[in-house]
Amino acid sequence: MNDRAHPTSDSSGRLQLDQAAIDAAAKSIDDGAVTPGYGPWRDDVVKLLNDALATELVCNLRYRRHYFTAKGVNSPAIAEEFLVHANEEAAHADKIAERIVQLGGSPLFNPDQLLERSHAQYDESSDLQSMVRANLVAERIAVETYRQMIVLIGDKDPTTRRMLEEVLADEEEHADELSDWLTR
C-alpha cells in the first residue's frame with residue numbers, strides 16, 4: 001500500500017490530481033470504498049473505532065441501568081434524560097460499527113471484551129447524584145477520547161473524522177446536560 005495519494009500542483013501552479021492513485025483505485029474493487037489512498041492507517045483507525053464502539057456500548061448499558069433504577073424526587077425527569085442519552089449512545093455505536101465495516105474491518109461486539117476496550121467504566125450507583133456524576137465522568141472521558149481521535153485521524157480519513165466530530169458534539173451536549181443536573 002502506498003503512503004498516501006496527494007493532489008499536487010504542476011509547474012504552472014495549477015492543481016493536479018494524483019493519477020497513479022486514481023488508477024490504483026480502479027483496481028481491487030472488492031475493497032469497496034477503501035482505496036489505496038487510505039494508506040497504512042486503516043487498521044489503526046479500525047482499532048480506534050472498535051475501542052470507541054466498546055465505550056458507546058458500555059455507556060448505553062450504564063445509562064439504561066440508571067434509567068431503570070433511578071429513585072428520588074427528581075428521578076422521573078433525570079431518568080428520562082438517562083434514557084435519551086442511552087438511545088443516543090446506541091445510535092453512536094451503530095454509526096461506528098457501520099464505519100468499521102465500510103473500512104473493511106469487523107466490529108467487535110463480544111461482551112466479554114467490552115470493558116477491556118472501553119474508555120469509560122460501567123457503574124452500579126444506587127443514588128441519583130452518584131448516577132449523574134458517573135455519567136458526567138464518562139461523558140467527559142468520551143469528549144476527551146473523541147477529541148484526541150479526531151486529532152490523530154486528521155486528514156487521513158475525512159469521513160471518519162466528520163463522523164467522530166458529530167459524535168463529539170453529542171457527547172459535549174450530554175456533559176453539559178448532566179452538569180446542569182448536578183447544580184439543581
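Search the stretch 123-143 for residues that are hydroxyl-bearing (Ser, Thr, Tyr) and pair each with any residue that is modelled with pLDDT of 95 or more when their beta-carbon atoms are under 6 Å apart and the residues are at least 6 apart or on different chains.
Listed pairs, sorted by first residue: Ser125/Met131; Ser125/Ala134.
Going by the structure shown, is Lys95 of a type outside the set (Gly, Ala, Ser) and assigned to a loop (DSSP other than H, G, I, E, B)? Spell out how you get there, then give the answer.
Numbers: of a type outside the set (Gly, Ala, Ser): yes; assigned to a loop (DSSP other than H, G, I, E, B): no.
No.
Considering (1) closer than 16 Å to Glu81 by Cα; (2) in contact (Cβ under 8 Å) with a residue 12 or more places away in the chain, say which one Glu173 fails and leave the rest.
Looking at each condition in turn, Glu173 falls short on (2).
Just wondering, is there one or more residues in the stretch 68-87 that are more than 21 Å from Leu178 (Cβ to Cβ) and either among the small types (Gly, Ala, Ser) or touching a strand residue (DSSP E or B) at 6+ places or on another chain (Cβ under 8 Å) (or both)?
The answer is no, given that none of the residues of the stretch 68-87 is more than 21 Å from Leu178 (Cβ to Cβ) and either among the small types (Gly, Ala, Ser) or touching a strand residue (DSSP E or B) at 6+ places or on another chain (Cβ under 8 Å) (or both).
Does Ile78 satisfy being under 15 Å from the mean Cα position of the chain (by Cα) and at pLDDT below 95?
On the way: under 15 Å from the mean Cα position of the chain (by Cα): no; at pLDDT below 95: yes.
Spelling it out, it is not the case that Ile78 is under 15 Å from the mean Cα position of the chain (by Cα) and at pLDDT below 95.
Between a residue in the stretch 25-50 that is surrounded by 14 or more Cβ atoms within 10 Å (Cβ to Cβ) and any residue that is of a type in the set (Gly, Ala, Ser) and at pLDDT 85 or above, which pairs come within a Cβ distance under 6 Å, given they are 6 or more apart or on different chains?
So the pair list comes out as Val34/Gly104; Val46/Gly105.
Among the listed residues Gln113, Gln129, identify the single one that is over 16 Å from His85 (Cα atoms) and either among the hydrophobic types (A, V, I, L, M, F, W, C) or in contact with a Gly (Cβ under 9 Å, 6 or more places away or on another chain) (or both). Step through it out loud before you land on a result.
Values: Gln113 fails: either among the hydrophobic types (A, V, I, L, M, F, W, C) or in contact with a Gly (Cβ under 9 Å, 6 or more places away or on another chain) (or both).
From the options Gln113, Gln129, the qualifying one is Gln129.
Checking Leu61 against (1) more than 18 Å from Ile150 (Cα to Cα); (2) of a type outside the set (Ser, Thr, Tyr); (3) touching a His at 6+ places or on another chain (Cβ under 8 Å), only one condition comes out false. Which one?
For Leu61, the exception is condition (3).
For the stretch 41-91, give me each residue that is touching a helix residue (DSSP H, G or I) at 6+ places or on another chain (Cβ under 7 Å) and polar (S, T, N, Q).
Listed by number, the residues that qualify are Asn50, Thr55, Asn60, Asn74, Ser75.
Across the stretch 98-120, what is the number of residues that are assigned to a loop (DSSP other than H, G, I, E, B) and within 12 Å of the chain's Cα centre (by Cα)? Before you say what the answer is, go through the steps one by one.
Of the residues in the stretch 98-120, the ones assigned to a loop (DSSP other than H, G, I, E, B) are 103-110, 118-120.
Checking the rest, the ones that are also within 12 Å of the chain's Cα centre (by Cα) come to 118-119.
Final tally of qualifying residues: 2.
Just to be sure, is Glu171 modelled with pLDDT of 95 or more, surrounded by 16 or more Cβ atoms within 10 Å (Cβ to Cβ) and closer than 17 Å to Asp51 by Cβ?
Here the answer is yes, as Glu171 does meet what is asked.
The values are calculated or read from the model by the stated rules, or taken from the named source; none is laboratory data. It should be emphasised that the depicted structure is a prediction, and the values quoted were computed from it without experimental measurement. Note that each Cβ is placed from the backbone with ideal geometry, even for glycine, and that neighbours are counted across all protein chains shown.
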